[in-house]
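Here the structure comes first, spelled out in structure tokens, and everything after it is commentary.
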Protein chains: 2
Amino acid sequence: MSDLLERLRERGWRLTAQRRVVAEVLNGDHVHYTADEVHARASDRLPEISRATVYNTLGELVSLGEVLEVSTDGRAKRYDPNAHHDHQHLVCSRCGTIRDVHVQGDPLTALPEPERYGFQVSEVTVTYRGICPTCSATT
Amino acid sequence: MSDLLERLRERGWRLTAQRRVVAEVLNGDHVHYTADEVHARASDRLPEISRATVYNTLGELVSLGEVLEVSTDGRAKRYDPNAHHDHQHLVCSRCGTIRDVHVQGDPLTALPEPERYGFQVSEVTVTYRGICPTCSATT
DNA sequence: ATCCTACATTGGACATTGTCTAAGTCAAGA
DNA sequence: TCTTGACTTAGACAATGTCCAATGTAGGAT
């Protein structure tokens with residue numbers, strides 16, 4: 001994670017206590033927090049951090065390409081620090097849990113030229129939905 | 001479109017002026033309105049229709065499988081009446097325009113068993129992003 | 001080590017999108 | 001035509017996100 005902070009500093013990012021804490025909260029492999037969850041966890045370490053700062057910092061991390069924004073349910077966006085590894089998402093339709101998954105092949109190639117309607121297509125997101133083991137156990 | 005109203009009546013749907021207007025607004029091939037846009041257009045024909053009714057009706061159409069809910073940007077959900085034809089979406093990153101598109105093969109099969117983590121996967125949505133012809137012309 | 005200053009943070013108002021409720025209205029069967 | 005349970009309404013409320021003016025501070029300059 002200090003890698004991340006190093007990289008950001010090299011890009012001229014001013015390193016404040018608030019930003020450090022937000023970056024630390026996002027540390028991990030299968031982390032998909034909402035902005036409010038990030039704020040709650042950041043507040044544990046830095047009680048006076050404001051919501052606006054959390055939103056600002058998350059927005060910057062997204063712009064810098066360090067974190068991905070995921071909106072699987074039309075409610076709060078979630079933030080995925082696993083931005084440097086190409087992956088897709090598997091979402092439980094019941095409890096909303098998200099897993100990072102890897103697909104075979106490149107989904108971009110599945111869209112034939114005549115179906116591109118003149119768009120310069122540059123990105124694709126694939127979201128699988130189903131019932132997770134925990135939820136299907138407690139039916 | 002009267003097909004739709006027929007089908008709904010057969011399922012015990014009570015046919016009111018409000019529901020008829022909402023269904024009419026959603027008529028068309030590449031329609032992807034937000035709830036508020038549906039409400040605005042419905043108000044043209046039936047000025048006293050309330051937001052709550054539009055939300056209720058859209059929710060019911062989704063439950064009945066007649067309309068798909070699409071959330072491409074984490075902001076307002078959009079409603080896609082093209083629910084009976086399997087398709088995916090192509091979104092302009094600049095202006096937000098949405099097109100229905102058809103992909104080659106079944107994206108479900110691209111997720112190998114070990115990547116399913118015990119989920120009963122039943123659904124997949126694929127969203128392509130890029131710049132539409134209009135936006136790339138007006139650079 | 002201290003000072004400057006541009007950039008970051010704060011708190012709270014505001015905006016957007018969606019949900020809920022109690023009271024009134026109406027479609028459709030008897 | 002009457003009745004009744006389902007539908008609609010207005011507006012309050014909730015969740016999420018954005019914006020702004022005032023204040024604070026990281027990090028380069030001295």
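The values are calculated or read from the model by the stated rules, or taken from the named source; none is laboratory data. The structure presented is a predicted model; accordingly, all values stated were derived computationally and were not measured. We place every Cβ from the backbone using ideal geometry, glycine too, and count neighbours over all the protein chains shown. Keep in mind that these areas ignore ligands, DNA and RNA; they rest on the heavy atoms of the full protein, side chains included. Shrake-Rupley method; radii C 1.70, N 1.55, O 1.52, S 1.80 Å.
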Q: Run through the other copies and list how far each one's label point is from that of A:T134, in nm with one decimal, shortest first; the point sits 7 Å from Cα along Cα-Cβ.
A: 4.4
Q. Hey, for A:L108 with labels 7 Å out along Cα-Cβ, what do the inter-copy distances come to in nm, ordered shortest first?
A. 2.7
Q. Who wins for biggest fluctuation among B:D80, B:D106, B:D36 in a Gaussian network model of chain B, springs between alpha carbons below 10 Å?
A. B:D106
Q: Mind telling me which of B:R41, B:R116, B:R75 comes out most flexible in a GNM of chain B, alpha-carbon contacts under 10 Å?
A: B:R116
Q | A:T72 long-range amide H proximity, modeled H, under 5 Å | A | A:R78
Q: With a 1.4 Å probe and every protein chain left in place, work out the accessible area per residue of the stretch B:57-114 in Å², rounded to a whole number.
A: 49 Å²
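Carbon and sulfur together cover what percent of the accessible area of the stretch B:88-137 at a 1.4 Å probe radius? Walk me through the numbers before you get to the answer.
Numbers: 1210 of 2400 Å².
Taking all protein chains in place, the stretch B:88-137 shows 50 percent carbon and sulfur surface.
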Q) Of A:A23, A:A42, A:A52, which has the largest mean-square fluctuation in a 10 Å C-alpha GNM of chain A? A) A:A52
Q: Would you grab the residues whose amide H sits under 5 Å from the one on A:V101? Only those 5+ places off in sequence or on another chain, please, with H modelled 1.01 Å from N.
A: A:Q88, A:H89, A:L90
Q. In debye, nearest 20: dipole of the stretch A:88-137 around its Cα centre with unit charges on the Cβ of K, R (+) and D, E (-)?
A. 320 debye
Q: Could you give the size of the charge dipole of the protein assembly as shown about its Cα centre, using +1 on the Cβ of each K and R and -1 on the Cβ of each D and E, expressed in debye and rounded to the nearest 20?
A: 800 debye
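To the nearest 20 debye, what charge dipole does the stretch B:3-139 have about its Cα centre, counting +1 at the Cβ of each Lys and Arg and -1 at the Cβ of each Asp and Glu? Display every interim value, and only then the final one.
Details: 16 positive and 20 negative charges, 89 e Å.
Using only the charged Cβ atoms, the result is roughly 420 debye.
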Q.
At 7 angstrom along the Cα-to-beta-carbon line, where would the label on B:N56 sit relative to the other copies? Give the distances in nm, shortest first.
A. 4.4
